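Okay, so here's the structure we're looking at.
Please treat every number below as a calculation from the coordinates, not as lab data. Just so it is clear, the model here is predicted, and its values are computed rather than measured. Don't worry about glycine lacking a Cβ; one is built from the backbone with ideal geometry, like all the others, and counts go over all protein chains shown.
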């Protein structure tokens, strides 16, 4: 029975990989030539989109009046529309699925456990305490829920759309680190110790998303990190 289940699971993984390969092959060859230089059209649009959207966020465009929901619109809804209009593929091809959930849950639990002592020390620094105490403008419950919405959107654009989109053109290795670059820049203005860590944290999130074929597990880990850091920094635990 186990052998049969293993064969079925292996077949499903191969089918999933084949589908993604077909999608990647279909996207290849869509080039735009300007002044004798060929540009991969979808890759170019992806780079432009993932640059402009954070700029709109940075300059305070607020269609909903609530930062978390603004970012949900910009980063999640915008990314979903981009995939449907530019790639014309299901969101699952860009990590919007549970993927390898056994590995994902194991990595999530392990990452959260490993981060507890690190976060406990870092969040007690004066810079972190001042920054996060200023963020507490509502109840803990509402703040935690809003953080979950915001981080859901953040993780989907970087560990979903950008990661899987770049991997098609450049391969997973470069994509894992390149998607972490804009993610790191978006932390400018936060305490230095946190900002400097994000290029490595973002790459780790990318690796987990790639290995599990899902952005869900980086989202859960990121949500835990932000929530635990906040609780420690403001003295609630």
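Which angle from 0 to 90°, rounded to the nearest 10, does the C-alpha axis of helix 41-58 make with the longest principal axis of the chain?
The answer is roughly 20 degrees.
Which value does Rg/Rh take for the chain over its C-alpha atoms, Rh per Kirkwood? Please list the in-between numbers first.
Values: Rg = 19.0 Å, Rh = 19.0 Å.
On the Cα set of the chain, Rg over Rh gives 1.00.
Please state the relative contact order of segment 41-233 as a whole percent: Cα pairs under 8 Å, 6+ residues apart? Working shown, then result.
Values: 224 pairs, mean separation 64.0, N = 193.
Reported relative contact order: 33 percent.
Between 0 and 90 degrees, rounded to the nearest ten: what's the tilt of helix 101-122 against the longest Cα principal axis of the chain?
Long axis of 101-122 versus the principal axis of the chain: about 30 degrees.
Quick check: the angle from helix 2-27's long axis to the longest principal axis of the chain, C-alpha only, nearest 10 degrees?
The helix 2-27 is inclined about 80 degrees to the chain.
So what's the back-of-envelope 222 nm ellipticity for the chain, counting only DSSP H runs of four-plus at -39500 (n - 2.57) apiece and dividing by all residues, rounded to 500?
Working: 12 runs with 161 residues, N = 237.
Theoretical 222 nm ellipticity from helices: -21500 deg cm²/dmol.
Running a GNM on the chain with Cα contacts under 10 Å, which residue among 79, 50, 197 ends up with the highest mean-square fluctuation?
Judging by the Gaussian network model, the answer is 197.
Provide the packing ranking of 51-60, 152-161, i.e. peptides ordered by the mean count of other C-beta atoms within 10 Å per residue, highest first. Each step should come with its number before you reach the end.
Values: 51-60: 12.8, 152-161: 26.5.
Most protected by this proxy first, the peptides run 152-161, 51-60.
Full-extension gain between residue 35 and residue 116, please, as 0.36 nm times their residue separation minus the C-alpha to C-alpha distance. Before the final figure, lay out each step's value.
Values: separation 81, 0.36 × 81 = 29.16 nm, distance 5.32 nm.
That works out to 23.8 nm of additional length.
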